[in-house]
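Asks: Just dropping this structure here.
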Amino acid sequence: MNGIASILVVDDNPKFLKEALPMYGYEVKVAEDGLEALKMLDDENSHYDLILLDVMMPNMDGWDTLKAIRKNKKIGRIPVIMITAVSEEQKVVSGLKIGADDYIVKPFILPNLLARIEAVLRRSNWQSEANVQKEITINKNVNIEILTPKEKEVLSYVAKGASNQEIADKLCVRDVTVKTHLNSIFKKLKVSNRTQAVLLAMQIDLIK
């Protein structure tokens, strides 16, 4: 285990997750329907720690894909988070009975999804014992006032999934300036990456 979780995004419109999740330290592969996902999962050289599975897809929908995953002994233990529309929420109980580990309803905010991903990965014990021992404990009592107004603004954009370049464009600064702000934020909040910074900001109500 190299400490980087590998996520298979199964969605016929994967652009947002494909671009956003790598910025938070995840390795991402994409399948645009259930049939393609099952082929990728059956590849002997593949390894996935988590599956983000959209419900509404062509060829094979998310529920049938989930059933096929759970029936396959080789891949049946991979945790799955279902991505559903509001109109499908009444089917969630059935999905959980089939074997979904969690679900999130569209439209969702990225910090909510990140929190669910981390929780499911933690429950599935994908990290080695050594990595768990090294994990930084997020301190809810941290004083957010130690951040400058500009750093708070940068962190808010990070929480929305913006890349360094996108943040730089919005703030009319250079990319290197954004990196400097992020390094300062990580140091002040005593975290080591963007995901931990966003989760901490959520816990102390800096962002919603």
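Asks: How many lysine pairs does segment 12-82 hold where the Cα atoms are under 26 Å apart and the two sit 8 or more places apart or on different chains?
Replies: Number of lysine pairs found: 16.
Asks: Next question. I want the local charge near residue 27. Using Cβ-Cβ distances under 14 Å, sum +1 for each Lys or Arg and -1 for each Asp or Glu among the other residues.
Replies: 0
Asks: Moving on to the next point. How large is Rg/Rh for segment 26-86, to two decimals, with Cα atoms and a Kirkwood Rh?
Replies: On the Cα set of segment 26-86, Rg over Rh gives 0.92.
Asks: Now a separate question. At a probe size of 1.4 Å, how large is the accessible area of residue 23, to the nearest 10 Å²?
Replies: 50
The values are calculated or read from the model by the stated rules, or taken from the named source; none is laboratory data. Remember, it's a predicted structure, so these values are computed and weren't measured experimentally. Don't worry about glycine lacking a Cβ; one is built from the backbone with ideal geometry, like all the others, and counts go over all protein chains shown. What goes into the accessible areas is simple: the full protein's heavy atoms, side chains included, and nothing from ligands, DNA or RNA. Shrake-Rupley method; radii C 1.70, N 1.55, O 1.52, S 1.80 Å.
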